[in-house]
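Below you'll find the structure, written out as structure tokens, and then a few comments.
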């Protein structure tokens, strides 16, 4: 697989791979996720999540092995994409109801600047926003801890920095698709999902270049397209009607086997 064939948009480090897993593989992954003990779920104010691979801190990872069903899919992503420096060792599994999202954020410094997001279930729109100075943000971006439930700081730009040449963009994350972004897309943009059942659809960069995937033409009950009103600017929007599960796959280079070495 040549991942360069799946570049979308004007930022050269955003890759969208439609139909990355089959419907049968999606079902098996969902079954394994839902079979996890209830204690594995952590409930946040706008979603719930599972943490696999260990405890992440800005000093590194207190590692725990991934279960075989996760190791299989992460090994495939690592070997086929050739974008990660080493095997993926940490996965966050997020569950989103139709009106749930995640605030714009940047992943913490413990991770290598590349992330793969495997989407299961219902589709959603992910928005990428270039960094601002945050001088007058007033907390509008929230904290890293609110965004991903891990105690590592959100990287903010210095007041003198400017990314005026950068432009916001969005990606439609369809069921069974894989989104990978790295380098500039990772470090110079915030990414997030609106807390809304209705989301703009036709301006997403992978919709414009026709890279949604043959299996995800908008006809399913979880992907209802309705015409936008004059109030929301017109166009087509996704009506989210089902639950979305995402697997956020990353690499932590600094790995520790005990809290003593981690020195939290």
Residue, nearest to residue 94 (Cα to Cα), within the stretch 3-30, restricted to residues that are without any contact (Cβ under 8 Å) to a residue 60 or more places away in the chain and out of contact with any helix residue (DSSP H, G or I) (no Cβ under 9 Å at 6 or more places or on another chain): 27
Mind counting the residues in the stretch 48-63 that are at negative phi and at pLDDT 95 or above? 5
From 202, 214, 232, 195, residue being surrounded by fewer than 20 Cβ atoms within 10 Å (Cβ to Cβ), at pLDDT below 90 and either under 17 Å from the mean Cα position of the chain (by Cα) or under 30 Å from residue 28 (Cβ atoms) (or both): 214
Which residue out of 66, 70 is at pLDDT 80 or above, buried (at least 19 other Cβ atoms within 10 Å of the Cβ) and outside any helix (DSSP H, G or I)? 66
Got a number for residues in the stretch 244-264 being in a loop (DSSP other than H, G, I, E, B) and modelled with pLDDT of 95 or more? 1
Assess whether residue 153 counts as being outside any strand (DSSP E or B), more than 22 Å from residue 200 (Cβ to Cβ) and at pLDDT below 50. yes
Just the residues that are exposed (fewer than 13 other Cβ atoms within 10 Å of the Cβ) and either outside any loop (DSSP other than H, G, I, E, B) or touching a helix residue (DSSP H, G or I) at 6+ places or on another chain (Cβ under 9 Å) (or both), please, taken from the stretch 31-51. 31, 34, 35, 38, 39, 42, 43, 45
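The values are calculated or read from the model by the stated rules, or taken from the named source; none is laboratory data. These numbers were taken from a predicted model, which means no experiment stands behind them. Glycine also receives a Cβ, built like all others from the backbone with ideal geometry; neighbour counts cover every protein chain displayed.
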